[in-house]
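These notes are about the structure you will find just below.
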Amino acid sequence: MSSDILRQEIDGVEYFTIASTGESGMSQRGLSRLCGVRLSTVQNLLKNLTENKAPLWLQNLVGSDLYLTDSTTVKGGETTPVKALVCWGILRYYERKGRLQASRALDAIGAIGINSFIQAKTGWLPQQYQSSRQQRQELSRILETPQPWTKMFEVEFEENLARLSKLHKKHIKNGKYYWEFIYQWMTPEEKVKLDLVNPVLTNGRRKYKIHQLLNEETKQRLTPHITSVLVLMKSANSVAELRRLVQRQYGVDQPNLFDGWKFE
């Protein structure tokens, strides 16, 4: 198994995280245990997803990259870990089909989520990322000057958000949902700096798009998260439902874009 992959087995379920990116997943056997079904059932479901034969509730996963890595050697053989977002979708599918084990697994995810929700609101960072105010200012991901505009959000993202909010895709009130679902990871210091270099104007908008003030590394780390939120959008019918889906998927604590940064 690659040294870049962290592995932990708990109660017969293997969990994996790519150390350099934070992307996570679990083994197919572990996923089947949490869903309360046979391994072959999950394997057939994954096969159907690749062949566009997925059940209605899983259509949003068709065409997605299902696997975290290629086949990985572990104790007892090999496994191809399934991405966390796909695991979550399959768990939700079996919960809807009345599988108690899947419901319990999702409840456990939600229980973790409430703590993360409050931490995200207060701006708390995990212990290994706690640093002085000066250090966090020095490591700010907000640039001093805006960069030329480049496309960060596809039309599909804007259209799905408009469908959920029931507002025109360019309506100013949609901006609060970008903050809630995309930019909530910013530290308090970064929000202050953003307001200084790109303040909100009298019309309620900023002169530059927020992503024009993000450095390239941050934009690269943020892009997969935007894609994940889009997948959740497609399966939601309202902003409230999207919020519940995001809370279950991330615990509202968005991917920690500080991963890999060294705070002394």
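The values are calculated or read from the model by the stated rules, or taken from the named source; none is laboratory data. No experiment lies behind these values; they were computed from the predicted model shown. Note: ideal-geometry Cβ built from the backbone for every residue, glycine included; neighbour counts use all protein chains shown. Heads up: the accessible areas ignore ligands, DNA and RNA and are worked out on the full protein's heavy atoms, side chains in. Shrake-Rupley method; radii C 1.70, N 1.55, O 1.52, S 1.80 Å.
Filtering region 228-251 down to residues that are under 15 Å from Tyr178 (Cβ atoms) and at pLDDT below 90, which residue is most open to solvent (accessible area, probe 1.4 Å)? Walk me through it before giving the result.
Our first condition is that a residue be under 15 Å from Tyr178 (Cβ atoms); within region 228-251, this holds for 228-230, 232-233, 239, 242-243, 246.
With the extra rule that they be at pLDDT below 90, the set shrinks to 228, 243, 246.
Values: Ser228: 23, Arg243: 79, Val246: 8 Å².
Residue satisfying both the conditions and the ranking: Arg243.
Do you know which residues across region 214-227 are among the hydrophobic types (A, V, I, L, M, F, W, C) and either open to solvent by 20 Å² or more (accessible area, probe 1.4 Å) or at pLDDT 90 or above (or both)?
Looking only at region 214-227, we keep the residues that are among the hydrophobic types (A, V, I, L, M, F, W, C), and these are 214, 222, 226.
If the condition is that a residue be among the hydrophobic types (A, V, I, L, M, F, W, C) and either open to solvent by 20 Å² or more (accessible area, probe 1.4 Å) or at pLDDT 90 or above (or both), then Leu214, Ile226 are the ones that fit.
Would you confirm whether any residue within region 16-23 is within 21 Å of Arg104 (Cα to Cα), surrounded by fewer than 17 Cβ atoms within 10 Å (Cβ to Cβ) and either at pLDDT 85 or above or among the hydrophobic types (A, V, I, L, M, F, W, C) (or both)? First the steps, then the outcome.
As a first pass, look at region 16-23 and keep what is within 21 Å of Arg104 (Cα to Cα): 16.
From what's left, surrounded by fewer than 17 Cβ atoms within 10 Å (Cβ to Cβ): none.
Checked region 16-23: no residue is within 21 Å of Arg104 (Cα to Cα), surrounded by fewer than 17 Cβ atoms within 10 Å (Cβ to Cβ) and either at pLDDT 85 or above or among the hydrophobic types (A, V, I, L, M, F, W, C) (or both).
Is there any pair linking a residue in region 236-260 that is of a type in the set (D, E, K, R) to one that is in a loop (DSSP other than H, G, I, E, B) and modelled with pLDDT under 80, with Cβ under 7 Å and at least six apart or on different chains, and which?
Once the first residue is of a type in the set (D, E, K, R) and sits in region 236-260, its partners that are in a loop (DSSP other than H, G, I, E, B) and modelled with pLDDT under 80 give Asp259/Gly22.
Out of Ala108, Ala102, report the one residue that is out of contact with any strand residue (DSSP E or B) (no Cβ under 6 Å at 6 or more places or on another chain) and open to solvent by 30 Å² or more (accessible area, probe 1.4 Å). Steps first, answer last, please.
On the way: Ala102 fails: open to solvent by 30 Å² or more (accessible area, probe 1.4 Å).
After applying the criteria, what remains is Ala108.
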